[in-house]
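Below you'll find the structure, written out as structure tokens, and then a few comments.
The values are calculated or read from the model by the stated rules, or taken from the named source; none is laboratory data. Every value quoted in this text rests on a predicted model; they were computed, and no experiment measured them. When we count neighbours, we look across all protein chains shown, and the Cβ atoms used for this are built from the backbone with ideal geometry, even at glycine.
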């Protein structure tokens, strides 16, 4: 198969951008509308092959510029992950983007070839990402808490708005301080993720 040819259609393991659970789905074109079998939410998957990946990281945020081949030809997608991920994508790799809604930014970026993925954040759990890792269970639980609890009320929206304003600077400060990251992870982030998960039954979202 040529590096410039689009990826084959068929069955792929896809991560739902709502509940983050993985199931096998049939992809029928560049874009496929799907419905999660676990949480029953609808989403869209874009499938293509990488020609080149560019971008830069600034203040804890990662800008992605993906040049790709698809069935409609060669084109480019740009988006920013405020969580600061950096997924390895090489020429010829098959990848997909999973969107909650097509007009928004993608929520999941997955390298199908290597079976690695990152969760793209519109407003990242910056400190949790720096201390625990982008795809850690702590980040997943705190993201579920943000999306399913905080964003559903005015006080939660106010808190997240202020958090997004100030936390990137703190995350940038602690990024290269390993001992401080360990302390923050053990004393604050891990206990918070456990408390919120148990208190709001976050593990049951999507069941």
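Considering only segment 159-192, state which residues are in a loop (DSSP other than H, G, I, E, B) and in contact with a helix residue (DSSP H, G or I) (Cβ under 7 Å, 6 or more places away or on another chain).
Result: 175, single match.
Looking at residue 51, is it exposed (fewer than 14 other Cβ atoms within 10 Å of the Cβ) and part of a strand (DSSP E or B)?
no
Tell me, please, whether a residue that is under 22 Å from residue 18 (Cα atoms) and outside any helix (DSSP H, G or I) can be found in segment 146-157.
Checked against the condition, which is being under 22 Å from residue 18 (Cα atoms) and outside any helix (DSSP H, G or I), segment 146-157 yields at least one hit.
Considering every residue within segment 84-102, establish whether at least one is in contact (Cβ under 8 Å) with a residue 12 or more places away in the chain, in contact with a helix residue (DSSP H, G or I) (Cβ under 9 Å, 6 or more places away or on another chain) and under 27 Å from residue 128 (Cβ atoms).
yes
Output the residue which, of all residues in segment 1-21 that are over 22 Å from residue 91 (Cβ atoms), surrounded by 15 or more Cβ atoms within 10 Å (Cβ to Cβ) and touching a strand residue (DSSP E or B) at 6+ places or on another chain (Cβ under 8 Å), is modelled with the highest pLDDT.
14
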